[in-house]
Structures are given as structure tokens and as C-alpha cells.
Amino acid sequence: MKTRIADITGRIRERSAGTRRDYLDRIDALAQRPAGSQRMGCANVAHAFAAMPGDERLRVVAERAPNLAVVTAYNDMLSAHQPYENYPALIRDEARRHGATAQVAGGVPAMCDGVTQGLPGMEMSLFSRDTIAMATAIALTHDVFDGALLLGICDKIVPGLLIGALHFGHLPCVFVPAGPMSSGLSNNDKAKVREQHAQGLVGRDQLLQAEQAAYHGAGTCTFYGTANSNQMLLEAMGLHVPGAAFVHPHAPLREALTREAVRTVLGITRAQRYTPIGRLVDERVIVNAMVALLATGGSTNHLIHWVAVARAAGILIDWTDFSELSAEVPLLARVYPNGSADVNQFQAAGGTGFVLRELLDSGCLHPDVATVASGGLAAYGQVPRLSDDGLRWQTLPAESGDSAVVRSATAPFSPSGGLRLLTGNLGRSVIKVSAVPEDRHVVEAPAIVFESQEALQKAFKAGELERDFVAVVRFQGPRANGMPELHKLTPPLAVLQGKGFKVALVTDGRMSGASGKVPAAIHVSPEALAGGPLARVRTGDRIRLDAVQGQLDVLVDEAEWAARSAQTLDAAQAVDNAHGLGRELFGGMRRHVSSAEQGAITWL
């Protein structure tokens, strides 16, 4: 184990001692109770199992067979979640084969950020995470379950399910993925058409044709955004059946892995290795997830989500922990937007198994952690195969299947990870540098201040941005408007950068997990609406974004800066942020949400 990574883990453990102890005491008290069907009143039990076939009611009540909860994020709006439609029947069938029962305890909402990008619905996206966590709690609060299978893949859905499950930390839990769609139009070609459309070189028909060629079937989108980063992190945490992340939804192997998930959670409920999720997810497992994110150039959204996930388990992490881990973790993967490959090419080159094996062998991961698999974390360095003998795991080749996509820890793409912390008189923020050209890691230019992404797009279309500048897009934080992703800013800024202008983005909002080559200081905290320094920036102020030294500063005389008053959010914009398409229902969350660095949590 690398000494520095062990030291950072120790610091997190010490910082979290009180909250973690309280958390474990609570889940241990719940774990010591009799099974639900034995301790509940007869009417409660009758209601719980009324719809079960008679033989299954007998099994779960009289024979005390394990009863599994299925919490599903199925809908057929999300291509990634459409395959879940038939999973409950498959899970019930496999449970019956092993003398157990399974019930769909509840469904959780699951919105597609690809549909809502740049639209008002995106202002509810971040808050959907905590809504999903609460919906998971409602499903599990029937309290008649011995374990849970959690069906979710995409951006806020996995963190929400995980937060909800950790509040039922006495239960063994296994996450069940469904896999990526087959490769369509390459991500690079799709990005080129987007940039051409931003310049007016191609029309809507051509853009729509390209987008539909890229997003064309069932499964997760094939770029390495937040959804696929989720899957990498779950593998690193030992919460999947090993190697389950990136197998196509319609491959025979996918059904075998789903059935194995049922057998896995039953093994944890019955066997001596009983490890409920609240015990499994300790500070070492959280660090392993952070390391896997950094080693693969994963989504910046997880610098928010995993702070909240850790807090749900009584563990306290911050962006300094991410930044210091990044300095110790080599970059082992280049998947779009950090390269040209998609996740199917990543999987073919060795995928999660290759990366985790390399991280284990190089001392970057804690090896001695509990996982849902009986083989421990080492099992996640192998690859599943389906043969005449059934499901088996094989050792991966020593060399990468494609060194342009995945590399060994001895020959990484970079000696450090893809995320860095920026600090200075504009607050604290993060930047994803793994996809940014090295000659753009430092940008110093005059600010142009915008209070919406639409205002920047309008200025771009009017030809007003043909120069070096730093775009300050503020009042985009959790309290202001729910912290939407500003993915629509990537094409115009990329066009300007491609013309040779030095451009950068500074914002208290989020960028998509697919953002890449334009330097962007994001999640600036405190946010402008909370009195953060961005509210004092004026157009023309010189801003320096230095990802090499980790600095983000406005170069204004100190006395003048101190004397400046903060701009306030336009009243009409504030009203618009709070109304329409259901945004009124999230007013309480906007008022009570914590900062981005604190996880944008609404439940504390």
C-alpha cells in the first residue's frame, strides 16, 4: 500500500471517528432484531405478503426463508434502464431456485440528463439524487427484507440508491447493472458535428441524425461520463458481481451475471461472511472508489456525489482528500472525453478488471476490504466468462489489449490522476485536467460575466466572444437553481479554443461528466448566491486559472476587492428558477442544501 494513500485514509478515519461510530451503533442495533416476519404483528405480515403465491408465503413466514428487496430505477425513457423491465421476474425465478423469495419493494425516479440538458428540467437533476435516496428508504422501510438488490446505473441514480441503502446499512446489498449500448457514431465524430452546428455550418437535421446515430439502442451511453463512472466506482467498492459493469444488455453473459447477483446476496444473508452494506462501505472502500475515479479520469460530478455517499456511512471526505490522492494515483485509462475510445473499447482492452488489478498491484488500493464477492477485491481484477460449465472468472492477460485505451501502472498515461483542486480569492473549485491540452492548463484573461448559460450562448452566436477571455457563469449553484450541468457550453467554448483563443470557464455550476478539453473551474464554493466571491467579479477583471499550481484568482487590487459589494441574482431570474415544470416542489431543497464541497446534501 502506498504510504501516502494509507496516510490520507488514516486522516479520513480519524476525522470521521465520531460520526462513523454513531452510524455503526445504529445499524448494529437494527441487525440484531429478529426477522421482520417474526417480530411484526400478524396484520403487518399479512399485508406484506398478501400478493405472494401461497407456497412462497409459507416459505417466507413459516420456513423463515430469506426475502430479498428489489429497488428498481426502471423506466424506458432511459436507454440504460430500459433493460430492467424484465429483471424482477428473472430475480424472483433465481431466488425460488435457492429457496428464497424476492419482492419489488419499490421504484425510484430516474431522469435522463441527456434529455434535460440545457432545459429547465436539468435544474431538478442534482436534487433527484436525494429524492432517489428518500424513495429507496420508503421502499426498504417496509422492513421485511433480509437483503436488497439495487437496480440502477445512471448519473444521480446510483449515488441516490447507494445513499438510501446506506441508511439501511444493516442489510446486505448488491448492485445490479445492465450494461452499455453497442457502439454507434463515435464520440469524437458526434462532438465535431456539435461544434459545426454551434458555428452554423450544419443544420438541425444533420445534428439530429448524428445524435441518433450515437444514441441508438438499449444500454448506457458509451462515453465515460457520470453513469459509466458510477459503474467503475461500484466495481472498486466491491458492490457488483465482479466484472459486471460493461457487459452488453443483450449478451447471454448479462443474464448469468444478474442471476449470480441473486446468489451473491443470498450468500451474504446466509453464510458466515455476513457483511451488511454499512459495514462493507468503510473509509478504505470510499478511498478505493476515489482512487478508481482518479485513475480513469472519471466524472467531476463524483466530487459532489461521493462526499454525500461517504457522509451517509458516517465518513467525512472533502476535495483536499481527492486532490492529494490524485497526486499519488496514475492515470491508467483514456476513454472519451479523455481519449477517443468508448466504454466498449475500454472493456475489450481489459476494462475494470485490468485497471483494478493494476491499482492493486501498484499499492493504490486497499486490498484487505470486504466485498460482496467471496474472493475479496482481488476477484475484481478478473473477467467473467460464460462457458458450458457456467459462469467462471478468468485471469486477464498481463498486457493491455489496447495501450491507447488502458495502460499498466508501470507505464501510465500520466503519473497523477485527472482531477485537481483550485483555491484562491475566488473560493475553492475543481478542474478535470485529464482531457485538457497541457498548453491550456494555465489561462489568464479578462472576465466576461454571465448569469446564465443562455446568455453566453447568445453572445457566442452574436460573434461577441472572438477573443481571449474567462467566462464567469455564476448563480448556478445548488441554492440558486439546483446546480444544473452546463453541458451546452462545451461546443461554443471548444469552437473558440479551436480558433486559437485562450478561453476558460469559471462557474459555481456543474459540467457534464462528458466535459473535456476546455479548462473549466467548476463547483466554485461558496456559490454566488451564498455570498461567494464570484458575486463580486465584474466583466473586465483579469482572472488567472492555474491548474499547475492549483490556483484560481481574480487579479484585482486587494483594497478594491475588499470594498466591492456582491451582485445579487436578478429578481426575475430568481422567480424563473423557482417555478415551472415542478421546480416549485424543490424549493425546500434549494433553501436547505449544503455546499457542493459538502456534497450538496439536503437531508442533514
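Where a number appears in this text, it was derived from the coordinates with a stated rule and is not lab data. Since this is a predicted model, take the numbers as computed values, not measurements. Positions of Cβ are backbone-derived with ideal geometry, glycine not excepted, and every protein chain shown enters the neighbour counts.
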Round to the nearest 0.05 the FRET efficiency obtained for Gln212 and Arg64 when R0 = 45 Å and r is the Cβ-Cβ distance. 0.30
DSSP-defined antiparallel bridges as percent of all bridges, the stretch 419-592, nearest 5: 55 percent
Collect residues whose amide H, placed 1.01 Å from N in the peptide plane, falls under 5 Å from the amide H of Leu185; neighbours closer than 5 in sequence don't count. Ala214
Per residue of the stretch 30-41, what does 6.51 cos²θ - 1.76 cosθ + 1.60 with θ = phi - 60° give for ³J(HN,Hα)? Whole Hz please, x for Gly and Pro, Karplus curve as stated. 5, 5, 7, 6, x, 4, x, 5, 9, 9, 8, x
Of the DSSP beta bridges with both residues in the chain, give the percent that are antiparallel, rounding to the nearest 5. 45 percent
Can you check what the net charge comes to around Ser37, using other residues whose Cβ is under 11 Å from the Cβ of Ser37 (Lys, Arg +1; Asp, Glu -1)? +1
Values of log10 I(q)/I(0), in the order q = 0.06, 0.07 Å⁻¹, for the chain under a Debye, Cα-only, solvent-free model: -0.30, -0.41
Taking square-rooted eigenvalues a ≥ b ≥ c of the alpha carbon gyration tensor, is the stretch 154-224 rounded, prolate or oblate, where a/c under 1.5 means rounded and, failing that, a/b exceeding b/c means prolate? prolate
Modelled label-to-label distance, Trp561 and Leu391, 7 Å Cα→beta-carbon offset: nm? 5.5 nm
Amide H to amide H under 5 Å from Ala341: which residues, 5+ apart in sequence or cross-chain, H placed 1.01 Å off N in plane? Tyr336
Does anyone have the angle between helix 87-97 and the longest principal axis of the chain? Alpha-carbon axes, 0 to 90°, nearest 10? 30 degrees
Listed with the fewest Cβ neighbours within 10 Å leading, Lys461, Lys156, Lys190, Lys499 appear as Lys499, Lys461, Lys190, Lys156
Report the gain in length on full extension from Asn188 to Val548: 0.36 nm times residue separation, minus Cα-Cα distance, nm rounded to one decimal. 126.9 nm
Of Lys190/Lys432; Lys156/Lys192; Lys156/Lys502, which ones are farther than 24 Å apart at the Cα? Lys156/Lys192; Lys156/Lys502
Express in nm, to one decimal, how much length is gained between Arg33 and Arg15 on full extension, taking 0.36 nm for each residue of separation and deducting their alpha carbon distance. 3.4 nm
In degrees between 0 and 90, to the nearest 10, how far off the longest principal axis of the chain does helix 302-312 point, with axes built from Cα atoms? 40 degrees
Under 1.5 on a/c is rounded, so check that first for the stretch 518-580, then, if it is not, pick prolate when a/b is larger than b/c and oblate when it is not; a ≥ b ≥ c are the square roots of the alpha carbon gyration tensor eigenvalues. oblate
Provide the gained length on full extension for the span Asp76 to Asp205, in nm with one decimal, where the gain is 0.36 nm per separating residue minus the Cα-Cα distance. 44.0 nm
Counting only backbone N atoms under 16 Å from a point 7 Å out along Cα-to-Cβ of Thr568, the residues of the stretch 500-536 in range are 528-532, 535-536
How many nm separate the modelled label positions at Ser374 and Lys2, each set 7 Å beyond the Cα in the direction of the Cβ? 3.4 nm
proj_area_mean for the stretch 419-592 (convex hull on C-alpha atoms), units nm², value 9.9 nm²
Asp189 neighbourhood, Cβ < 13 Å, K/R = +1, D/E = -1, net charge 0
